[in-house]
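> I am attaching a structure below and will ask some questions about it afterwards.
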Amino acid sequence: GDVIHRMLTATQYIAPLMANFNPSSSLSSTIQYLDNGTVFVVQWDKVYLQGKEDLGSFTFQAALHSSGRIIFAYKEIPVPVLQISATQHPVKAGLSDAFMILNPSPDVP
């Protein structure tokens, strides 16, 4: 869409795994992408949770196909996702296409 707002990343996302990752915590961590015209792939490789580097590294991908198909692939998930703390950052996996309506009328919530 053409509306940019502060809640954009909370309401509209494609997230194979959203958490408090810090790719700069290790020289081996990378985020790479590939676009060959029919598929766009993003790979998070050996990324660590901020302040929880001792848990191990995560490696996963999201592939967006021109047909509309979306595939999430997971290679390394060292802890159950339900055990990742959401204190510093929301933990989510999936898709969201929510939206916000900005209504200046005081009569409409």
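> I'd like the FRET efficiency for I77 and D107, computed as 1/(1 + (r/R0)^6) with the beta carbon distance as r and R0 of 35 Å, rounded to 0.05.
Step by step, r from the Cβ atoms, then E = 0.15.
> Please compute the modelled spin-label separation between Y33 and K92, points set 7 Å along Cα→Cβ, answer in nm with one decimal.
1.8
> Might you work out the accessible area of S57 for me, using a 1.4 Å probe with all protein chains in place, and round it to the nearest 10 Å²?
Roll a 1.4 Å probe over it and S57 shows about 20 Å².
> Where both partners of a DSSP beta bridge lie in the chain, what percent of those bridges are antiparallel, to the nearest 5?
Rounded to the nearest five, the antiparallel share is 100 percent.
> Binning at 5 Å from 0, report for the chain what percent of all alpha-carbon pair distances ends up in each bin.
Using 5 Å bins, I get a P(r) of 2, 10, 18, 19, 18, 14, 8, 5, 4, 2, 0 for the chain.
> Something else about it: In whole angstrom, how far apart do the alpha carbon centroids of segment 65-107 and segment 25-44 sit?
Their Cα centres are 18 Å away from one another.
> Assuming R0 = 25 Å, what is the FRET efficiency of N22 and I70, from their Cβ-Cβ distance, to the nearest 0.05?
So, using R0 = 25 Å, E works out to roughly 0.50.
> Please tell me the relative contact order of segment 6-96 in percent, rounded to the nearest whole number, where contacts are Cα pairs under 8 Å and at least six residues apart.
33
The values are calculated or read from the model by the stated rules, or taken from the named source; none is laboratory data. What you are looking at is a predicted structure, and each value in this text was computed from that prediction instead of being measured. Every residue, glycine among them, receives a Cβ derived from its backbone with ideal geometry; neighbour counts consider all protein chains shown. Accessible surface areas use protein heavy atoms only, side chains included; no ligands, DNA or RNA. Shrake-Rupley method; radii C 1.70, N 1.55, O 1.52, S 1.80 Å.
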